[in-house]
Amino acid sequence: MTKSVDQTVMKEMNRSLALDLVRFHGPLSRTQIAQESGLNKATITALINELLAEGYVKEVGRGHSYAGRRPVLLAFEAGAGYVLGIDIGVSHIHFALTDLSARTMVDGQVAMPDNSQVSTVLDVCVQAIDECVRKVHDADLKLRGVGVAVPGLVDYQTGTVLNAPNLGWRDIPLRSLLEDRLRLPVFVDNEANVGALAEKLFGQAKTLSDFIYISAGMGIGTGIVMNGQLLRGVSGIAGEYGHTVIDLQGPKCRCGNRGCLEVYASVRALLERYEKATGRAVDFHTFRAAFLAGDEAARECVQGVASYLAIGILHMLHALNPSAIILGNELGMISDWLIPPIVQFLQARSLTATHAAIDVRASALGYDSGIIGAAALAIDQHFKGAVHTRAPLR
Ligand SMILES: [Zn+2]
């Protein structure tokens, strides 16, 4: 049985196809867009006219031609709109105002309020966003939406934070709370999912369709991309590898279980190891400086954490068979030292040579993957037309 596809839906799909070609592969001529998309020239001409009128596409000179007129080239206009990204971390909240290519115009961070109470965090977000917007000095700033990254389980369709153990948040309707305050479309997702999205759109994974992004910060999250799409699972909360139990009798995790991977392989685990070994309680930046200066205890701690991270990655490879693992967030910043022992472990323990040859690489976005991810979420939703199906808020 064949289904007839609604004409409007078909047009949206074609428009999105043409725009994505210009966004990610431009500058291109109309003929090239027609060839690459498989759509006819008349359809492309009409779609491009629409995109030119809306300002998303611009003409940028002429291309090469062997005979006849040189074709007009079209490029994406990243300044046709702006989005706000909010990365809610355990210790800090980061903000950025970016263009539609996720290039940061203004950014900043504030310390997480002491009790991470939702109403206080909302106040902080609204104030910081106002400051970001003011700094741009553009009375006609076309704000398209807000993306929010949260370290926890998120129902991304409703924008509800179901459980963020590291913040002590449960069942928080963050999207509607922020929309009420900001009067802009808001999208909320897990920080590892948005990190994976950022890598796919703007980072290390542009050409990859099956990879796992590991956000290794105070906790451990994973954003899994399979067949070019985020793997969400039936309830939208797939990828909680940080809470796979690797020791039934292990230390208590913030999620309530014992012996979860993140108890052994996160930044928190690394810093606790270091404190146990040296008696010094330090933050990650101080730890990293000590490590880079050749501190022997710091080096041993990194080795220890690498082996646990490798166990986690081995589970991921055997379960999902990705083509690459991208290590991001804070531990991504010491990936030069983490990746070699991880690769060695995988080569020794994996089931097949294919698994052993896995490409483990550092995030291209480093510490910014959360905030770029949050912006990427808003950009992605904007171009997917999610805002068109909702009443404009302002
Ligand atoms: Zn846990």
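Structure notes:
- Distant-in-sequence amide H partners of Ser29 (H built 1.01 Å from N, under 5 Å): Leu74
- The accessible-area ordering, largest first, of the residues Arg144, Arg273, Arg103 stands as Arg103, Arg273, Arg144, per a 1.4 angstrom probe.
- Comparing Phe202, Phe187, Phe24 in a Gaussian network model of the chain where C-alpha atoms under 10 Å apart are linked, the largest mean-square fluctuation is found at Phe24.
- The spread of Cα positions in segment 10-151, taken along each principal axis and listed from longest to shortest, comes to 67, 31, 22 Å.
- The reciprocal of the average 1/r between distinct C-alpha atoms defines the Kirkwood hydrodynamic radius, which for segment 7-76 equals 12.1 Å.
- Estimated purely from DSSP H runs of n ≥ 4, each contributing -39500 (n - 2.57), the mean residue ellipticity at 222 nm for the chain is -13500 deg cm²/dmol once divided by its residues.
- With contacts taken as Cα pairs under 8 Å at a separation of at least 6 residues, segment 74-203 carries a relative contact order of 23 percent.
- Convex hull projection area averaged over all views, the chain, Cα basis, nm²: 23.9 nm²
- Pairwise label distance in nanometres, Asp130 with Gln249, each label 7 Å out on the Cα-Cβ vector: 5.6 nm
- When only Cα pairs below 8 angstrom with a gap of at least 6 residues are kept, the chain shows a relative contact order of 15 percent.
- The three principal axes of the Cα atoms in segment 204-363 give end-to-end lengths of 46, 33, 27 Å, sorted in falling order.
- If the chain linking Ala53 and Ala277 were pulled fully straight, counting 0.36 nm for each residue of separation and taking away their Cα-Cα distance, it would gain 74.4 nm.
- Less than 5 angstrom separates the built amide H of Arg258 from those of Cys253, all sequence-distant by 5 or more or on a different chain.
- Global form of segment 271-394, assessed from the alpha-carbon gyration tensor, a/c cut-off 1.5: oblate
- Label point at His318 placed 7 Å out along Cα→Cβ; residues across segment 339-372 whose backbone nitrogen lies under 12 Å: 349-352
- Extension gain from Thr286 to Ser37, taking 0.36 nm per residue of separation minus the Cα-Cα distance: 84.6 nm
- Within a Gaussian network of the chain (alpha carbon springs, distance under 10 Å), most fluctuating of Asp189, Asp155, Asp123: Asp123
- Assigned charges on the beta-carbon of Lys, Arg, Asp, Glu; segment 92-146 dipole about Cα centre (debye): 180 debye
- Close lysine pairs were tallied over the chain: pairs 8 or more places apart or on different chains with Cα atoms under 21 Å apart number 11.
- Val90 long-range amide H proximity, modeled H, under 5 Å: none
- Projected label distance in nm at Arg170 and Lys142, using a 7 Å step from Cα toward the beta-carbon: 4.4 nm
- Ala75/Ser16 FRET efficiency (R0 22 Å; Cβ-Cβ; nearest 0.05): 0.80
- Surface analysis of the chain yields an accessible area of 47 Å² per residue, using protein heavy atoms and a 1.4 Å probe.
- Kirkwood Rh in Å, taken over segment 305-355 so that all alpha-carbon pairs contribute: 11.2 Å
- R0 of 41 Å, Cβ-Cβ distance Asp6-Asp210: FRET efficiency to nearest 0.05: 0.85
- Using a simple spin-label model with pseudo-atoms 7 Å out from Cα toward Cβ, Ser307 and Ala67 lie 7.0 nm apart.
- Take the Cα of Leu351, go 7 Å toward its beta carbon, and the backbone nitrogen atoms of segment 304-338 under 13 Å from that spot belong to 314-322.
- Fluctuation leader among Val146, Val124, Val72 - the chain, Gaussian network, Cα springs under 10 angstrom: Val72
- Rounded to the nearest 5, the antiparallel percentage of DSSP beta bridges internal to the chain is 65%.
- Between helix 335-349 and the chain there is an angle of about 80 degrees, using the helix long axis and the longest principal axis of the Cα atoms.
- Between segment 1-61 and segment 131-145, the alpha-carbon center distance in angstrom: 29 Å
- Between helix 369-383 and the chain: long-axis angle, C-alpha atoms, 0 to 90°, nearest 10: 30 degrees
- By accessible area with a 1.4 Å probe, ligands and nucleic acids excluded, highest first: order of Arg349, Arg280: Arg349, Arg280
- Whether segment 95-234 is rounded, prolate or oblate, judged on the alpha carbon gyration tensor where a/c under 1.5 counts as rounded: oblate
- Between 0 and 90°, nearest 10: helix 267-278 axis offset from the chain longest Cα axis: 30 degrees
- Short-range pairs are left out: with C-alpha atoms under 8 Å and at least six residues apart, the relative contact order of segment 204-363 is 23 percent.
The values are calculated or read from the model by the stated rules, or taken from the named source; none is laboratory data. Because the structure is a prediction, the values reported are computed rather than measured. Virtual Cβ from ideal backbone geometry, glycine too; neighbours counted across all protein chains shown. Ligands, DNA and RNA are excluded from the accessible area calculation, which covers all protein heavy atoms including side chains. Shrake-Rupley method; radii C 1.70, N 1.55, O 1.52, S 1.80 Å.
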